[in-house]
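The values are calculated or read from the model by the stated rules, or taken from the named source; none is laboratory data. Since the structure is predicted, the reported quantities are computational estimates derived from the model, not experimental observations. Cβ atoms come from the backbone with ideal geometry, glycine included; neighbour counts cover every protein chain shown.
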Amino acid sequence: MSAVDFNKLINDFKPMVNAIVYKIIGKIPYGAIRRDDLTQVGMIGLYDAIRIRKCPVDSDRFRSYAGMRIYGSIIDEIRLNDFVARSVRDSVKNGTASEYEKSLAGSGDFLDIADFEVPDSENPLDILIDEEEKRLINDAAEKCDPRDRVILDMLYNEGVTKRQAAERLGVHESRINQLNKRAINKIRDELCA
C-alpha cells in the first residue's frame, strides 16, 4: 500500500476515531486524560487495524473491526493511566475495602472503568449504522441452509440456549455448536465477499 493510499484511509476513518473518543470522554472524570491524547491512541488503533486487516477496507466488516481496535486501544490507554488497582476498585464495590482503599477510590481523581461499557447511543447515525449492519447480516444469513437459519434464529433471536436448541431439534449439543459455527462462517464469508 502506498503512502498516499494509507494517508487517505487514515483521513477517511478519522471521523470514526473522533466519534469513539467523544463517547468515551463523556464517561470519565473531567481532566483525567486529555481528548487529544485519546484521539492519538485511537489513531494508533486505527493504524493497527489497517495494517492487520484481513478483508477490504471498504467493507462493513472492516469498519466494525476498526471500531473495536480503536475502542480497545483507547480503553487500554485509560486503564494504563489509572493509578488505582482493579483489586482496590473491586473491594470498594463489594464493600470489603479498608479505609485507605476507600479513600483512594473516593478521591475522584481516578478513572472508574472497572465496569466500562460502550454506552447505548442515541445518535441517529449510530442507530442507522446498526440497522444497516443488521440488514447486511440478515441478508447474508438468508444464504445459509434452512436448518442453519433455524438454529441461528433460535440462538440469537429467541434467546434459546444451545442445550435447549439441541433438545428441540433432537440432536446433540455438539452438533448445534458445529452447525452454528458453520452458519457464522458462511455469514462472515458473505460479508467479506
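Condition (residue is loosely packed, with under 15 Cβ neighbours inside 10 Å, at pLDDT below 80 and under 30 Å from Asn18 (Cα atoms)) applied to segment 91-98: is it met by at least one residue? Explain how you work it out, then say what you get.
Going through segment 91-98, the residues loosely packed, with under 15 Cβ neighbours inside 10 Å turn out to be 93-96, 98.
If we keep only those that are at pLDDT below 80 too, we end up with 93-96, 98.
Filter once more, so that each one left must be under 30 Å from Asn18 (Cα atoms): none.
Checked against the condition, which is being loosely packed, with under 15 Cβ neighbours inside 10 Å, at pLDDT below 80 and under 30 Å from Asn18 (Cα atoms), segment 91-98 yields no hits at all.
Within the group Tyr65, Tyr22, which residue is over 26 Å from Arg135 (Cα atoms) and in a helix (DSSP H, G or I)? Before the answer, list the steps.
Values: Tyr65 fails: over 26 Å from Arg135 (Cα atoms).
On inspection, the qualifying residue turns out to be Tyr22.
Asp112 passes all but one of (1) modelled with pLDDT of 60 or more; (2) charged (D, E, K, R); (3) surrounded by 15 or more Cβ atoms within 10 Å (Cβ to Cβ); which number fails?
Going through (1) modelled with pLDDT of 60 or more; (2) charged (D, E, K, R); (3) surrounded by 15 or more Cβ atoms within 10 Å (Cβ to Cβ) one by one, Asp112 breaks only (1).
For segment 61-82, how many residues meet the condition of being under 18 Å from Gln40 (Cβ atoms) and hydroxyl-bearing (Ser, Thr, Tyr)?
Selection size over segment 61-82: 2.
Could you grab the pairs with beta carbons closer than 7 Å, sequence gap of 6+ or different chains, first residue in segment 32-47 and crowded, with 18+ Cβ neighbours inside 10 Å, second one outside any loop (DSSP other than H, G, I, E, B) and among the hydroxyl-bearing types (Ser, Thr, Tyr)?
Hits for this filter: Val41/Ser73; Gly42/Ser73; Gly45/Ser73.
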